[in-house]
Amino acid sequence: MELVRYLLDLAGIGQDRLQVRWVSATEGQQFADYVTELTELLRQMGPLDRDKLGLQLAAVTRAINSPDLRWLLGMERQLTERGNVYHEKLDRAVYEDVVKAAAQEEYNRGLIYEALKAGPSTVRQIAAATGLPIYTISLRLNDLEKTSLVSIMGHEGHSPKFGVLAA
Amino acid sequence: MTQQNEKKVGAALVLGGGIAGMQTSLDLANAGFKVYLVDRSPTIGGVMSQLDKTFPTNDCSMCIVSPKLVEVARHIDIEIITNSELDSLTGEAGNFKAVLKSYPRYIDIEKCTGCGVCRQSCPVRAVNEFNYGLDRRAATYIRYPQAVPLAYAIDRDVCIGCGLCEKVCLAKAIRYDDETKERELAVGAVVLAPGFSLFDPRRIPVYEYAESPNIVSSMEFERILSATGPFQGHVMRPFDRDEPTRIAWLQCVGSRDEKTNPYCSSVCCMYAIKQAVIAKEHCKEYDLETSIFFMDMRTHGKDFEKYYWRAEQESGVRFIRSRVHSVDPDPETGNVHIRYMSEDGTIQTEEFHMVVLSCGLEVSTEIQELAAKLGVDLAPETRFAWSSPFAPVTTSRPGIFVCGAFQGPKDIPQSVMEASAAAAAAGELLGTARGTELQVKELPPEWDVEGQEPRVGVFVCNCGINIGGVINVPKLTEYVATLPGVVVADQNLFTCSTDTQGKILDFIKEKNLNRVVVASCSPRTHMPMFQETVREAGLNPYLFEMANIRDQDSWVHMHEPEKALEKAKGLIRGAVARVVQLEPLHKQAFPVTKAALVIGGGIAGMEASLSVADMGFQAYLVEKGDKLGGQAWNLVTSARGYNYRGFLEDLLKKVENHPNIEILYNSTVKDTGGFIGNFSSSLQTPEGERGLEHGVTIMATGGYGLKPDEYLYGQNPNVYTSLELDQLIAGQDPQIKEATEAVFIQCVGSREPQRPYCSRLCCTHSVENAIELKELNPGLDVFILYRDLRTYGDKELLYRKARELGVMFIRFDLDSKPRVEQTAEGKLTVTIHDPILDRDVVLKPDLLTLASAILPNPVEDIGEIFKVPRNAEGFLNEAHAKLRPVDLPSDGLFLAGLAHYPKPIDETIAQAKAAAGRAATFLAKNVVEVGGIVAVVDPEKCAVCLTCVRTCPFGVPVIDYTADSAYIDPAKCQGCGVCPSECPAKAITMKNFTDSQIIAQEEALAAG
């Protein structure tokens, strides 16, 4: 849950757009209060950028579904409470930093990958589509190339165009 | 004396597993010493494994180093100890106690098969130091795919201990409870080969390295060029992956710089040229502009000058003699503006897409600390290991030797030379303990398979999931069992593991197998190991064959498992058909004559003879004149205080009085024959003809200084060569005191079209002379007219000193050489165009010294006798410019000294010792084994057409007129297979690769 909210923040959607409250079927008033609260919040936050929303959500979904991130999340209690394979307990802050860094990278990779589904693009074109910094895109593209998800498919001048490889 | 000798330990510790450490380990182990090769990283291979290509031959670095890696890995007497460092060293030369600290790797080297599944599943990432941070790797990692040992390691700094790798490792190699261990070793000698670290350009902020990803260090660019690098060898800039069309190299980053390192790093000019040339080759589709900004172009090695010329004239690399003023990256475009002052003093600005900083070589603080701990002195100004020029691989602490870039900044061949020299130096110390620490393997006698029905065992490997993940191995094994002749078909998770080896051994014995096939990976890495196993069971090792169903099948047909299975069936069918045709081969053993013939009695010949003799072998030193010493007699003075004469006299005494050295004066070699270990030569001596038996030959035929035919040499009494000036200085000739102006002209006869090489030592020689002149006569005006000042390494400090003393340096180009004239009274004038002032300067020297070229002594006669190749300038050609710098192409022949290339005395001594070190690897053996996979001539079929004689690249086949047939000496045949394929009468058979064997394999392969 924390992670999804973090990813929504990364995506620029905003973590507050996702809320979880436990409400019993008998607590009608409470449910109504929560909905009002959320509606008010959303009004304050203003409209979403609809053009980019599809891409952003797809990237969040890719990140959530990535095996690395899921494995890291699954290991939370093992690593921070019961102790890791070296019989050390990971400091929660350290663990969270690792997860956040992984989430950030997975999200960026997801964003690039989703953007490339529209067709092969140069780094600068990817930057225009995703809003990511140029150098960040170059670094994450390298990760995607290593896992055989993305490859160079042609050139535009002296700029290589990257495209999604068939699975 | 005897008692002390008994105490010596016949083992050596080598610190550092780069090319120098590997070479010294191989030479020591092959000379009969146990070697412990220790490296701090999880693998050996050093920097060479990270380079793309190597100068001046453009050989692929990994391709030439990986056979060395395999050789080291497979050597029974070399123990590789990774993740470890030397903690303490007590005792004395000949008998040290070394305590090693081994850090945990967390993966069992014995169990890990290098399959890489752990890396694929690891969820955390770290900076990939192998690619200098250009990309990232997992926490479970291996430095490079060909690494030795081929085992992964866990980077504890980033590992979070999630336990996933243990879950996926099929080989059960993960050891989370691994811990730091101490180990004590008894060794007789220590060789330090810890290498260099690259200067960190962040230390000079004006280069803006930290500010732009498109400003990279030279090693980063090397990785960008490499096919195994972050961009698979495509030249792209890190910032936006665009292909750069203009790249600049900035030289001397962290070299020749008072604030960081005052010395010259010796290699950066050549590597920058190489990178520019190779980058252009990589970018064939467009015209990549390459510009090198430099102060002096230092291409002083063998064939380097020609490389430089070709780069400029053929590849179109731009060379800009300049001082770089500022580097200014544009964060938007990623481009970099360079402001520089060109030679004529004008300031210019150019824009580049990418900038490479040619970073220097230095000794890391860790290594400096290690040296302090070991009591090994460092040269204070350079922080490289201190050594005397007369004992270049000997450190200040007896019993500890040094080689490679820790001795001083240097290139690969020089490192390899010193590595062999260090092995010789250790061999001299430990000669009496040779062979005492070696492992002797007892092998059962071979059983005779003659006339037996073939009984083949086939072992199919899953290679973890590398093969098994694609090919249905159980199905494959079932099929293999049905093949004709197959008695056993078995499958294993990892066929190369120790327990599977035991299983193969048991199967051979139980089922009386007389042929074995392993279907797994590459014979390149695994064939010798399986052959050893087969031999341990009493089977001839040539009754073995491999089918490579991984590299040639599962890896390349990953997405077509059905077809891959069919291909695997075919590959194994072929291997089985071939293995039943194979016949046992036996090598012949000949005793080795433990003597070296050394030709040439200069410093190189004397040093080589002395080293051979000190190692306990006989040396015959052949000198064509009546006196030893050669060119060294001319060295009479040194600004560095080197006592050349004292050294020479001392060396003469040692050589003349050594019981293992026989000197043959006024003698020449007339004929030679035989093969390595068993040469026999005849000599013309004053006492008549004399025959000599020897195991190896060392060529040290020397060189000489050119007597110039220009600049009024020989026409004016005040024009001298450098060596003649040395005599004046040594004699404190009054002419020096009386003179008011002295001029030196460099490159006289060198770097000219007719002699396109740099004579390497003349710049240093003139700078030293200039310092001495200034010291003898401080009022003297001294000018050195030069083209590029090549005071490489710590010799740069002399150049600095000369400038501080007020010596003036004026540069000229080949097309504007100085003009030397004399007046009617014999007064000299030298006119030179000063490029900085842009006008002619007229000098009126009382002393004019010509730094003339070094030429090799003519060796047409013995060159012919020994069939040694020479380059266009007459220098002897080594077997391989990079990795075999003291071997001649024919086995058992070595070279040293000026015969190879111009070089100063310390490098000559290193090479001479290296030749002795290489010689010892053969002389230490009691027998030399010949035969095996060689070509054999059937005299019945031979028509004496000479095809084999002409095609053999090694010149081995000869015509035996008593049999009217060609004869191929099994001792010399390299088994390359050229002559059997060319022989029109099919009279030549290649053993182990006969026509019938290959045809059987092909037919079976095609039968599917």
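Throughout, read-outs are computed from the coordinates displayed, never taken from laboratory work. In this text the structure is predicted, and so the values were computed from the model without any measurement. Don't worry about glycine lacking a Cβ; one is built from the backbone with ideal geometry, like all the others, and counts go over all protein chains shown.
How much length, in nm to one decimal, is gained on full extension between B:V99 and B:N877, taken as 0.36 nm per residue of separation minus their Cα-Cα distance? Display every interim value, and only then the final one.
Numbers: separation 778, 0.36 × 778 = 280.08 nm, distance 4.24 nm.
Contour length minus Cα-Cα distance gives 275.8 nm.
The peptide list B:648-660, B:720-732, B:743-755, put in order of mean Cβ contacts within 10 Å with the highest first, becomes B:743-755, B:720-732, B:648-660. Here B:D551 and B:S88 are evaluated by their C-beta separation; at R0 = 45 Å the FRET efficiency comes out at 0.55.
Between the beta carbons of B:A227 and B:E510, assuming R0 = 51 Å, the FRET efficiency works out to 0.65 to the nearest 0.05. Placing a label point 7 Å from the Cα of B:V841 along the Cα-to-Cβ line, the residues of region B:307-349 whose backbone N sits under 16 Å from it are B:343-345.
Reported to the nearest whole Å, the Cα centre-to-centre distance from region B:363-417 to region B:238-286 is 27. As a rough guide to protection, the peptides B:470-482, B:960-972 ranked by mean Cβ packing within 10 Å, highest first, stand as B:470-482, B:960-972.
Approximating the spin labels as points 7 Å out from Cα along Cα→Cβ, the B:A186-to-B:E775 distance works out to 4.8 nm.
Counting Cβ atoms of other protein chains within 10 Å of each residue's Cβ and taking the mean over peptide B:233-241 gives 5.
Counting every other Cβ atom within 10 Å of each residue's Cβ, B:D242, B:D177 order from fewest to most as B:D177, B:D242. Comparing A:A58, A:A103, A:A25 in a Gaussian network model of chain A (Cα springs below 10 Å), the most mobile by mean-square fluctuation is A:A25. Taking a ≥ b ≥ c as the square roots of the eigenvalues of the alpha-carbon gyration tensor, the protein assembly as shown is classed oblate because a/c is 1.5 or more while a/b is no larger than b/c.
With angles folded into 0 to 90 degrees, how steeply does helix B:61-74 sit against the dominant principal axis of chain B? Use alpha carbons for both and round to 10. It is inclined by approximately 60 degrees.
Reducing region B:157-221 and region B:711-749 to their Cα centroids gives an inter-centroid distance of 54 Å. Result for chain A in a Gaussian network model with C-alpha springs under 10 Å: among A:V123, A:V35, A:V23, the largest mean-square fluctuation is at A:V23. Pairs of Lys residues in region B:612-752 are counted when their Cα atoms are under 22 angstrom apart and they lie 8 or more places apart or on different chains; the count is 7. Here the extension length gained between B:S326 and B:E929 equals 210.8 nm, from 0.36 nm per residue of separation less the Cα-Cα distance. Legend: mean number of C-beta atoms from other chains within 10 angstrom of residue C-beta atoms, peptide B:154-163, equals 5.
Rounded, prolate or oblate, given the Cα gyration tensor of region A:16-78, with a/c below 1.5 counting as rounded? Verdict is oblate for region A:16-78.
Extending 7 Å from Cα along the Cβ direction at B:K654 and again at B:K441 yields two label points whose distance is 3.8 nm. Contact order, relative form, for chain B: 11 percent (alpha carbon pairs under 8 Å, 6 or more residues apart, mean separation divided by residue count). Within the shell defined by Cβ-Cβ distances under 14 Å, the residues around A:L53 carry a net charge of 0, with Lys and Arg each +1 and Asp and Glu each -1.
Taking 19 Å as the cut-off, the amide N atoms of region B:558-601 that come nearer than this to a point 7 Å along the Cα-to-beta-carbon line of B:E1003 belong to B:570-583. Helix A:28-45 axis versus longest C-alpha principal axis of chain A: approximately 40°, rounded to the nearest ten. For region B:165-270, the mean projected area of the C-alpha convex hull, equal to one quarter of the hull surface, is 13.1 nm².
In summary, region B:528-685 shows an alpha-carbon radius of gyration equal to 1.87 times the 2.2 N^0.38 Å reference for compact globular proteins. Mind checking which lysines have their C-alpha under 22 Å from A:K117, skipping anything on the same chain fewer than 8 residues away? Partners found: A:K52, A:K146, A:K161. From the alpha carbon centroid of region B:476-535 to that of region B:762-835 is 71 Å. Quick check: the angle from helix B:644-657's long axis to the longest principal axis of chain B, C-alpha only, nearest 10 degrees? Relative to chain B, helix B:644-657 is tipped by roughly 50 degrees.
Across peptide A:151-162, the mean count of Cβ atoms from other chains lying within 10 Å of each residue's own Cβ comes to 3. Relative to the 2.2 N^0.38 Å rule of thumb, chain B has a C-alpha radius of gyration ratio of 1.01.
For A:E2 and B:V70, a Förster radius of 45 Å and the Cβ-Cβ distance give a FRET efficiency of 0.35, rounded to the nearest 0.05.
For the pair B:R203 and B:E129, the difference between a 0.36 nm per residue extended length and the Cα-Cα distance amounts to 24.8 nm. If a/c stays under 1.5 just call it rounded; otherwise compare a/b with b/c (prolate if a/b is bigger, oblate if not). Do that for region A:23-167, with a ≥ b ≥ c from the square roots of the Cα gyration tensor eigenvalues. Oblate, because a/c is 1.5 or more while a/b does not exceed b/c. As a ratio to 2.2 N^0.38 Å, the alpha-carbon radius of gyration for region B:56-215 is 1.25.
For the residue pairs B:K941/B:K991; B:K567/B:K991; B:K53/B:K867; B:K53/B:K972, the C-alpha atoms sit more than 21 angstrom apart in B:K567/B:K991; B:K53/B:K867; B:K53/B:K972. For the protein assembly as shown, a simple Cβ point-charge model (Lys and Arg +1, Asp and Glu -1, everything else neutral) yields a dipole of about 1320 debye relative to the Cα centre. Modelled spin labels at B:K707 and B:E940, positioned 7 Å past Cα toward Cβ, are 6.5 nm from each other.
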